[in-house]
Amino acid sequence: MDYIFSAANQALWAAGKLIQVTTNTGQLLPILRDPVTGRFVEIAKSLAVDNAAFAPFITGNPLLGLAMVAGNMVMKTGNMYPNNQGFQAGSFPLGLVMAGGNMAMNAANIYGSNQEFKAVQGQLNVLQSSLGVLQATTAVIGVGVAATAALSAVNLWQTLKLREDVKQLRLEIKDGFIDLRQALKNQGLEVIQHINQVAQDITFNQHRLEFVKAYSRFLEATKLIQIATSIQDINARNIELSNARQTLSESLAIYNSPHILSETSTAGQLRRYECAWIIEQAIALTYYLQGEPKALSERLSHFQNKIRQDALNVIENCQTQDELDFIFPEITRIHNHDLAALELWKNQVDWFNSLPPSDVKLLESVDLNKSELNSVYNSESSLKAIEKPPEHIFYENIKEKSHSSSLEQQLKFLMRSDLRKQAEIYVSENAENFGYRTLNLANLEKSSNLTVANLYWYFKVREESKEQIEEEVSV
């Protein structure tokens, strides 16, 4: 992940006259600091991953709500929440920063103006629309193995387009679904016929009723959060947020239902998990709004682990090439953007709450150009949704060079780094037996996931073939 600063400070940073802030564990944060005076100079204007715009899939852009320190908040009171002396503006989520802009905190209460209220409202609106779009695509995927055309109609690229259509008010979400016959009318007759078949499926209709219930509870919870942002009394506000979190948990339980997941295909499972992850974000937001940094940090850790485990479950259940074509770009995007965003948010929460009071005061003085910040994000959100995602391009390139088992292995490497380490050891040991001296651990550690996974399966097939021959000879 690369952080983009203003041109002048970017030059000073490159010349070593400014340094990038790091956590105690060495994680980079999107903040530049003067090493001589200690002054915090600037907070990053935007983010990039592999030279592409930072655009997480689950929530979209720009109102991400997952990362980056809080713009130019002037904390006159030195404390965002009077009932919590340790949790301050430094961990304010990106979505609220983008929406709230250059907020001046002249009072102890964050909810002192319409601007702050709109910031929270903007983030909740994005979560609502994202959940609606992802949930709606299940009406194309269905519960069984979907046809190739159906999966292609709602893959990563097409779903980004649908989300942009909802954002531009070209599509309406109703009860957590959109009219896919209208939205996908240009995808061909086969897709429309498949949508009609799914609509007649009894099992899917049972699922749909559950999803409508889950979405309605989610909407109820977001309304409670909105109400909480207007309550001046801290205790009353926290009670309202706790009630919202309970309602969100009820919604989350439906999406995570083992019964529903067990009746669903691999592609459908991924979309249901993604719906659940959006609810998880809303729950994390409630801890933030309550000024509970420890609970928020723990929730973010839980959230990251859940994404990784859910993704591994999806990979393990993948049975067809069509399903692999569907999940590979999507899981790659989630790893490179969403998990990175969660890690950044968690690092900021932990870092800011470890700062001495002197550094807190210095951070308050950071000056951020609001207009430049907004222009960066507003310009990219409407463009990236219609361009072919780099994850699709990457997958198309490596698909020609990999067996399906190798591709699945590469996805597993993304979600669990220890699996890659195990594969490196396996390859190095087998390579040594065959005299391939260059395939040692030192070289394998520098190799791509593609290389390690292909080598792993190369030796795995040879080993299985040898065992099969030995069994036949022994018989």
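Side notes on the structure shown:
- Residue under evaluation Phe326, criteria (1) surrounded by fewer than 24 Cβ atoms within 10 Å (Cβ to Cβ); (2) at pLDDT 95 or above, criterion not met: (1)
- Taking the criterion of being crowded, with 16+ Cβ neighbours inside 10 Å, of a type outside the set (Lys, Arg) and in contact (Cβ under 8 Å) with a residue 40 or more places away in the chain, the residues of the stretch 405-448 that qualify are Ser406, Leu407, Glu408, Gln409, Gln410, Leu411, Phe413, Leu414, Met415.
- Looking across Leu285, Leu289, one residue alone is under 18 Å from the mean Cα position of the chain (by Cα), farther than 30 Å from Leu151 by Cβ, at pLDDT below 95 and surrounded by 21 or more Cβ atoms within 10 Å (Cβ to Cβ). It is Leu285.
- Counting only residues that are part of a helix (DSSP H, G or I) and over 21 Å from the mean Cα position of the chain (by Cα), the stretch 311-325 holds 3 of them.
Yes or no, residue by residue, for (1) within 23 Å of the chain's Cα centre (by Cα); (2) at pLDDT below 90; (3) surrounded by fewer than 16 Cβ atoms within 10 Å (Cβ to Cβ); (4) among the basic types (Lys, Arg):
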{"residue": "Ala107", "(1), (2), (3), (4)": "no, yes, yes, no"}
{"residue": "Gly122", "(1), (2), (3), (4)": "yes, yes, no, no"}
{"residue": "Leu131", "(1), (2), (3), (4)": "yes, no, no, no"}
{"residue": "Leu134", "(1), (2), (3), (4)": "yes, no, no, no"}
{"residue": "Thr137", "(1), (2), (3), (4)": "yes, no, no, no"}
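- Pairing residues of the stretch 318-333 that are touching a residue at least 24 places away in the same chain (Cβ under 8 Å) with residues that are surrounded by 22 or more Cβ atoms within 10 Å (Cβ to Cβ) and acidic (Asp, Glu), at Cβ distances under 9 Å and at least 6 apart in sequence or on separate chains, gives Phe328/Glu391; Pro329/Glu391; Glu330/Glu274; Glu330/Glu391; Ile331/Glu391; Thr332/Glu391; Arg333/Glu391.
- Enumeration of residues in the stretch 353-396 that are within 30 Å of Leu414 (Cα to Cα), open to solvent by 70 Å² or more (accessible area, probe 1.4 Å), at pLDDT 75 or above and outside any loop (DSSP other than H, G, I, E, B): Ile393, Phe394, Glu396
- When the stretch 40-53 is filtered for residues that are touching a Lys or Arg at 6+ places or on another chain (Cβ under 7 Å) and either exposed (fewer than 14 other Cβ atoms within 10 Å of the Cβ) or of a type outside the set (A, V, I, L, M) (or both), only Phe40 remains.
- Enumeration of residues in the stretch 11-24 that are open to solvent by 60 Å² or more (accessible area, probe 1.4 Å), farther than 19 Å from Leu363 by Cβ and of a type outside the set (A, V, I, L, M, F, W, C): Lys17
- Meets criteria (in contact with a Ser or Thr (Cβ under 7 Å, 6 or more places away or on another chain) and either assigned to a loop (DSSP other than H, G, I, E, B) or at pLDDT 90 or above (or both)) for Asn347: yes
- The sole residue among Ile254, Ile195, Ile239 that is modelled with pLDDT of 95 or more, of a type in the set (Val, Ile, Thr) and under 23 Å from Phe57 (Cβ atoms) is Ile254.
- Highlighted here are the helices (runs of 4 or more DSSP H) found entirely within the stretch 163-282 that include at least 3 residues which are in contact (Cβ under 8 Å) with a residue 40 or more places away in the chain and open to solvent by 30 Å² or more (accessible area, probe 1.4 Å): 189-200, 202-228, 234-255.
The values are calculated or read from the model by the stated rules, or taken from the named source; none is laboratory data. Only a predicted model underlies this, so the values are computations on that prediction, with no experimental measurement involved. Note: ideal-geometry Cβ built from the backbone for every residue, glycine included; neighbour counts use all protein chains shown. We work out accessible area using only protein heavy atoms, side chains counted, and drop any ligands, DNA or RNA first. Shrake-Rupley method; radii C 1.70, N 1.55, O 1.52, S 1.80 Å.
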